[in-house]
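Read the structure below first, then the notes.
Where a number appears in this text, it was derived from the coordinates with a stated rule and is not lab data. Note that the structure is predicted; figures quoted are calculated from it, not measured. Counting neighbours? That spans all protein chains shown, and the Cβs are built from the backbone with ideal geometry, glycine included.
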Amino acid sequence: MKNWGWIVLLVLVISVVWWSKFGFRVGSPALSCLYADSEKKIETICINELKANALVGSPLKITGRARGNWFFEASFPVQLLDQSGKRLVEAVATAQGDWMTNDLVPFTAELKFTAPTGDTGQLVLNRDNPSGLPENDANLTISIRFR
């Protein structure tokens, strides 16, 4: 009977290890992020529920969080490009809270477009840069597929 106790304990330990490596990731929200410091995982901007190569259609609704310095007058530009880099549509992501902060601020954007002839493209979120200085430029680019 003592052997059964060790077997049950071993199975329990293996189950916990397996679930911690694989099981808890199931159903987690998909995030596409750009990090100011990738080692410390300091998020600069993240999009909710849109992974690389996701299948998208019109209207494309985007939600996420961005540092306040991505916004100017509570918005920043978003572009959808076809596979040759041609701009299909440009829209504005709008802050859903106080954007005059260094904290992460929720945002939303909606892009209405006509699907191109090609299958692939890119979604580009640009940090608003009214100064025009190159050192203030930043973007998050996500490869997408069209329906």
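Give or take rounding to whole Å, what are the principal axis extents of the alpha carbon atoms in the range 34-147, in descending order?
Largest to smallest, the principal-axis extents are 40, 30, 27 Å.
If the limit is 23 Å between Cα atoms, which of LYS51/LYS86; LYS40/LYS61; LYS41/LYS112 go over it?
Values: LYS51/LYS86 21 Å; LYS40/LYS61 29 Å; LYS41/LYS112 32 Å.
Violating the 23 Å Cα-Cα cut-off are LYS40/LYS61; LYS41/LYS112.
Once the other residues with Cβ under 12 Å from the Cβ of GLY121 are scored (Lys, Arg +1; Asp, Glu -1), what is the net sum?
+2
Each label point is 7 Å from the Cα along the Cα-to-Cβ direction; what then is the distance between the points at GLU135 and THR94, in nm?
So the two model labels end up 3.4 nm from each other.
Using the beta-carbon distance between ARG87 and TYR35 and R0 = 35 Å, what value does 1/(1 + (r/R0)^6) give for FRET efficiency, to the nearest 0.05?
Efficiency at R0 = 35 Å is approximately 0.85.
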